[in-house]
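Trainee: Submitted below is the structure of interest, expressed as structure tokens.
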């Protein structure tokens, strides 16, 4: 997805007067450090095919507040012991997002439960090796199906 220069400039102007740090894209140790210092992933996306950033956060035991779009709900998942691993809000509903963030900030028992759920969910996520095998199997099945038709 391309960055809209006007929106980026608006966000940069807004951030000047707020306790916000804009880092831009992070990779390698910088990304790992950002995750290591995070308590919560806030992901108010309008579109999401799979929810990779959600699974990246959960793989590190970080709970999530995200919009309920695309594959986010599936990526977020649930756990048997703790239920939801985060909170989902409707897209473009700033009031619902504010309410979810307020709950996160003010409800210690909610924070503890979501953190425990995220740690539990981490154990349910497929490894990259398992994902490669699943994709390879799917491609082989599709290839065989195509050969038969």
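Trainee: How many angstrom lie between the Cα centre of segment 25-42 and the Cα centre of segment 101-149?
Mentor: A separation of 19 Å, based on Cα centres.
Trainee: What 222 nm value per residue comes from the helices of the chain, counting each DSSP H run with n ≥ 4 as -39,500 (n - 2.57) and dividing by all residues, nearest 500 deg cm²/dmol? Intermediate results must be reported in sequence, preceding the final value.
Mentor: On the way: 7 runs with 84 residues, N = 149.
Estimated from H runs of four or more residues: -17500 deg cm²/dmol.
Trainee: I would also like to ask the following. Cα convex hull of the chain: mean projected area in nm², to one decimal? Don't jump to the answer; show the numbers that get you there.
Mentor: Values: hull surface 48.5 nm².
Dividing the Cα hull surface by four gives the mean projection, 12.1 nm².
Trainee: Ranked highest first by the average count of other Cβ atoms within 10 Å around their residues, in what order do 49-55, 114-120 fall?
Mentor: Numbers: 49-55: 16.9, 114-120: 20.6.
Ranked by mean Cβ neighbours within 10 Å, highest first: 114-120, 49-55.
Trainee: Along its three principal axes, how long is segment 26-113 when you only count alpha carbons? Whole Å, largest extent first please.
Mentor: Principal-axis extents of the Cα atoms in segment 26-113, largest first: 34, 30, 27 Å.
Trainee: Can you tell me the order of 89-101, 69-81, 20-32 when each peptide is scored by its average per-residue count of other Cβ atoms within 10 angstrom, highest first? Before the final figure, lay out the partial values.
Mentor: Details: 89-101: 14.5, 69-81: 16.8, 20-32: 9.1.
Highest to lowest by the protection proxy: 69-81, 89-101, 20-32.
Trainee: On full extension of the chain, what length is gained from residue 32 through residue 9, given 0.36 nm per residue of separation minus the C-alpha to C-alpha distance?
Mentor: On the way: separation 23, 0.36 × 23 = 8.28 nm, distance 2.68 nm.
Answer, rounded to one decimal: 5.6 nm.
Trainee: Between residue 22 and residue 136, what is the label-to-label distance in nm when each label sits 7 Å out along the Cα-to-Cβ direction?
Mentor: For the pair residue 22/residue 136, the computed spacing is 4.4 nm.
Trainee: For segment 107-149, I need the span (max minus min coordinate) of the C-alpha atoms along each principal axis, in Å, sorted largest to smallest.
Mentor: 57, 19, 8 Å, listed from the longest principal axis down.
Trainee: Arrange 128, 14, 104 by Cβ neighbour counts within 10 Å, fewest through most, would you?
Mentor: On the way: 128 7, 14 11, 104 18.
Sorted ascending by nearby Cβ count, the order is 128, 14, 104.
Trainee: What per residue convex hull volume, in Å³, do the alpha-carbon atoms of segment 62-117 yield?
Mentor: Values: hull volume 3.6 nm³, N = 56.
Value for segment 62-117: 64 Å³ per residue.
Only the coordinates and a few stated rules stand behind these numbers; no lab work does. No experiment lies behind these values; they were computed from the predicted model shown. We place every Cβ from the backbone using ideal geometry, glycine too, and count neighbours over all the protein chains shown.
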